[in-house]
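Novice: Can you read through this structure? Questions will come right after.
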Amino acid sequence: MDIKTKIIELRQQIDAANQAYHTLDQPLISDAAYDALMNELIELETMYPEYDDPSSPTKKIGGQILDKFEKVTHTTPMMSLSNVFNREELYKFVERVEEVVTSDFVVELKIDGLAVALRYEEGILIQAATRGNGIIGEDITNNVKTIKSIPLKLAKPISIEVRGEIFMPHKSFHRLNQVRENNNESLFANPRNAAAGTMRQLDSQIVAQRGLDVYIYAIVDPLQYVTNHYDALNFLKSLGFKVNPYATLANNKEAIYAAIETFDNLRKTLPYDTDGAVIKVNPYDKYDVIGYTAKSPKWATAYKFQAEIAETTITSITFQVGRTGVITPVAELEPVVVSGTTVSRATLHNEDYIKLKDIRINDQVRIHKAGEIIPEVIDVVMSQRINQQPFEMIQSCPICQTPLRRLEGEADHYCMNESCDAKMIGQMIHFASRVAMDIDGLGEKVIEILYERGFIKTITDIYKLSQYQESLETLPGFGPKKVEKLLLAIEQSKSQPFHKVLFGLGIKHIGAKVSKIITQHFQSIENMYQASLEDIQNIHEIGPEIANSLFSMLKKPDFVEMIRYLKSAGLNFENVQKDIKSHAFNGKTFVLTGKLENYSRDQASDIIESLGGKVTSSVSKLTDYVLAGSDAGSKLKKAEALGIQILDEATFKDMTHA
Ligand SMILES: [Zn+2]
């Protein structure tokens, strides 16, 4: 087979797998098999750029960075829909339509995201645009291409424009906010904001990582293909688009309302946000008869679901201290059920938020779940107010009593005490967490106990714990086995690479990715000490906020002292660069399989990468080594069949030190 045919075949296989997984929710092949196909395609496309194709599935990885978004004039305006809010208004809408022409309707879920217009020419995606003001939107083609459920190539080579809704599923939303929290970044309030914020990214690689999804719901000029809306949805499916599965036909107002009630129950169980139902006339030839207003079509409307609202009382306002010292006011509530779960606390964000809504202790408040997820106070029921005392922000840290400071231009108050208990504990929890030093057995609870008992006050104390083995064994709930495991995990954490150590130290604005960039650039902590503020700012992708934060931290005597200790304890403060060029792992491709005793998968991968190798997920002829732990399965068999060199853990360890 020639290279070009091979490339085309790979693209077809990957497209089919993508569609099965992301559009139809029926995976065809394992993740590993998918990665293998993708890796092979990337390799071939890199070697043979002459066969590049803008609709290749490798484009879904993203990579182009724009300066700004170009404006796009929509071929047909993107109109918005009129709204109805209750049964009476819905019935009026239906009756008006029925008077004119028809009782044939389609009811669909209204997805809570942002509208997109997609243009295909001869089956190839050529442009994606936001709604904008309905007439002019922005060109977001690069970003949209990274969304896995959007086909870059249709099943038929037709020219067509379609419209749909881009949204962020709950799972992606939680993952994104988790990462942002780890990076000391502000959190997105709800999935819609997160989706909109993601689409505003100029770097499509960021978009690719955020796990957005889409439902396509309309064709512009559909009459060339179908005569009614319900058929249009099926036609879209046949082209390879992801179409929401819940569209329902209804031929009278009672049936429409019944469908809406079903949706209203259903939506609480869906893994994405919806904010209503869309009711459209089914036959297209009636659209012009029914007509349009200036802003919206008269043959469709949106029924807005009532956000579930509950009333309860604020029993007190408490304050949480984060590991950066940020103070978050929290409303403690009389427990109440909202959207299916019991809510007893709601964040009040900061002083400004409380003052804006004039929230006071003992107030009766209305709460809902923002994006069906995070409990939030909507407003105060003023008629029920008994407390005449307006809210006063606390002036000192609830944990260490140090006076708080509100920084210029920020809404948040901070405890500035470097050794505030809340900060110290929070920092150690972050340091030991899976995303940082990955110290098994040193979770939140254990850290709190060890802190209260005086065993650990700062990160450095973690590496002194082995001196107290016997005392630790006597702690309630510990015991010799648990202590031994914990101390072993602490010992192993010393082999974590420099970037994980730097990230683990929890410096403001220095997240996992930034930490990698900085350690790559400087290679060692000594080089970082010598860098000027300008040197740091000049690093690609490092902004002034990050640079200032890092620079001032490097000048702090306490910080320098901490690093001196951690270094002497054996932690990595430089990129380990043994003579990589001659190392046996350099340029080699690894596959990991089975359960490793002394390394996590991530640790083993980091070691291989630090020695110039790379890790892929499936065994092929291109694999050089398979690192096999216990209970290795099919990958090991395949490797044996292909005659690939297999390393056990001991051999691997010896080789890393060679
Ligand atoms: Zn404090």
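The values are calculated or read from the model by the stated rules, or taken from the named source; none is laboratory data. From a predicted model like this one, the values you see are computed outputs, not experimental measurements. Glycine also receives a Cβ, built like all others from the backbone with ideal geometry; neighbour counts cover every protein chain displayed.
Novice: Please work out which residue is nearest to F503 (Cα to Cα), limiting yourself to segment 529-544 and to residues that are more than 32 Å from the chain's Cα centre (by Cα) and not in a loop (DSSP other than H, G, I, E, B).
Specialist: Residues of segment 529-544 more than 32 Å from the chain's Cα centre (by Cα): 529-532.
Keeping just the survivors that are not in a loop (DSSP other than H, G, I, E, B) gives 529-530.
Working: Y529: 17, Q530: 20 Å.
In this case the residue turns out to be Y529.
Novice: Mind listing just one residue for me: the one in segment 388-402 that is touching a residue at least 12 places away in the same chain (Cβ under 8 Å) and more than 9 Å from the ligand (Cβ to nearest atom) and, of those, nearest to E448 (Cα to Cα)?
Specialist: Looking at the filtered set, the residue picked out is I394.
Novice: Moving to a separate point now. Which of the residues spanning segment 312-331 are within 17 Å of I386 (Cβ to Cβ) and either surrounded by 15 or more Cβ atoms within 10 Å (Cβ to Cβ) or not assigned by TED's automatic domain parsing to the domain that holds E376 (or both)? Steps first, answer last, please.
Specialist: The initial filter retains those residues of segment 312-331 that are within 17 Å of I386 (Cβ to Cβ), namely 312-317, 331.
Those that are within 17 Å of I386 (Cβ to Cβ) and either surrounded by 15 or more Cβ atoms within 10 Å (Cβ to Cβ) or not assigned by TED's automatic domain parsing to the domain that holds E376 (or both): T312, T313, I314, I317, A331.
Novice: Right, another one. Is there a residue being of a type in the set (K, R) and either over 22 Å from F188 (Cβ atoms) or part of a strand (DSSP E or B) (or both) anywhere in segment 315-330? Talk me through it step by step, then tell me what you get.
Specialist: Taking segment 315-330 first, the residues of a type in the set (K, R) are 323.
Add one more test, that the residue is either over 22 Å from F188 (Cβ atoms) or part of a strand (DSSP E or B) (or both), and what stays is none.
Scanning segment 315-330, I find no residue that is of a type in the set (K, R) and either over 22 Å from F188 (Cβ atoms) or part of a strand (DSSP E or B) (or both), so the answer is no.
Novice: Here's another thing I want to ask about it. Given A258, A277, A310, which one is at pLDDT 90 or above and either under 30 Å from H174 (Cα atoms) or in contact with a helix residue (DSSP H, G or I) (Cβ under 9 Å, 6 or more places away or on another chain) (or both)? So that I can check it myself, show each step before the final result.
Specialist: Working: A258 fails: either under 30 Å from H174 (Cα atoms) or in contact with a helix residue (DSSP H, G or I) (Cβ under 9 Å, 6 or more places away or on another chain) (or both); A310 fails: at pLDDT 90 or above.
After ruling out the rest, the residue left standing is A277.
Novice: Still on this structure, please answer the following. Identify the residue in segment 430-445 that is crowded, with 20+ Cβ neighbours inside 10 Å and not in a loop (DSSP other than H, G, I, E, B) and, among all such residues, is farthest from the ligand (Cβ to nearest atom). Before the answer, list the steps.
Specialist: Here is the first cut: in segment 430-445, the ones crowded, with 20+ Cβ neighbours inside 10 Å are 430-432, 436-437, 439, 442.
In the following step, the residues that additionally are not in a loop (DSSP other than H, G, I, E, B) were identified as 430-432.
Working: H430: 16, F431: 18, A432: 21 Å.
Applying the filter and picking the extreme gives A432.
Novice: Within segment 92-126, track down each residue that is touching a Pro at 6+ places or on another chain (Cβ under 6 Å) and surrounded by fewer than 15 Cβ atoms within 10 Å (Cβ to Cβ).
Specialist: Within segment 92-126, E122 is the sole residue that qualifies.
Novice: For segment 100-119, name all the residues that are over 25 Å from P283 (Cβ atoms) and assigned to a strand (DSSP E or B).
Specialist: Taking segment 100-119 first, the residues over 25 Å from P283 (Cβ atoms) are 112-114, 116, 119.
The answer is L114, V116, R119.
Novice: Okay, moving on. Looking at segment 410-424, which of its residues are within 30 Å of the chain's Cα centre (by Cα), more than 9 Å from the ligand (Cβ to nearest atom) and not in a strand (DSSP E or B)?
Specialist: E410, A411, D412, M424
Novice: Which of the residues spanning segment 504-528 are in a helix (DSSP H, G or I) and within 22 Å of K464 (Cβ to Cβ)?
Specialist: If we filter segment 504-528 for residues that are in a helix (DSSP H, G or I), which is where we start, we get 504, 512-522, 525-528.
Answer for segment 504-528, where residues must be in a helix (DSSP H, G or I) and within 22 Å of K464 (Cβ to Cβ): G504, I525.
Novice: Could I ask something else about it? So, A189, is that one surrounded by 15 or more Cβ atoms within 10 Å (Cβ to Cβ), more than 22 Å from E376 (Cβ to Cβ) and assigned by TED's automatic domain parsing to the domain that holds Y287 or not?
Specialist: Details: surrounded by 15 or more Cβ atoms within 10 Å (Cβ to Cβ): yes; more than 22 Å from E376 (Cβ to Cβ): no; assigned by TED's automatic domain parsing to the domain that holds Y287: yes.
Judged against the criteria, A189 is not a match.
Novice: Out of all the residues in segment 17-52, which are aliphatic (A, V, I, L, M), assigned to a helix (DSSP H, G or I) and at pLDDT below 80? Don't jump to the end; show me each part of the working.
Specialist: We begin by selecting, within segment 17-52, every residue aliphatic (A, V, I, L, M); these are 17, 20, 24, 28-29, 32-33, 36-38, 41-42, 44, 47.
With assigned to a helix (DSSP H, G or I) added as a condition, the list becomes 17, 20, 32-33, 36-38, 41-42, 44, 47.
Once the filter is applied, which keeps residues that are aliphatic (A, V, I, L, M), assigned to a helix (DSSP H, G or I) and at pLDDT below 80, segment 17-52 yields only A32.
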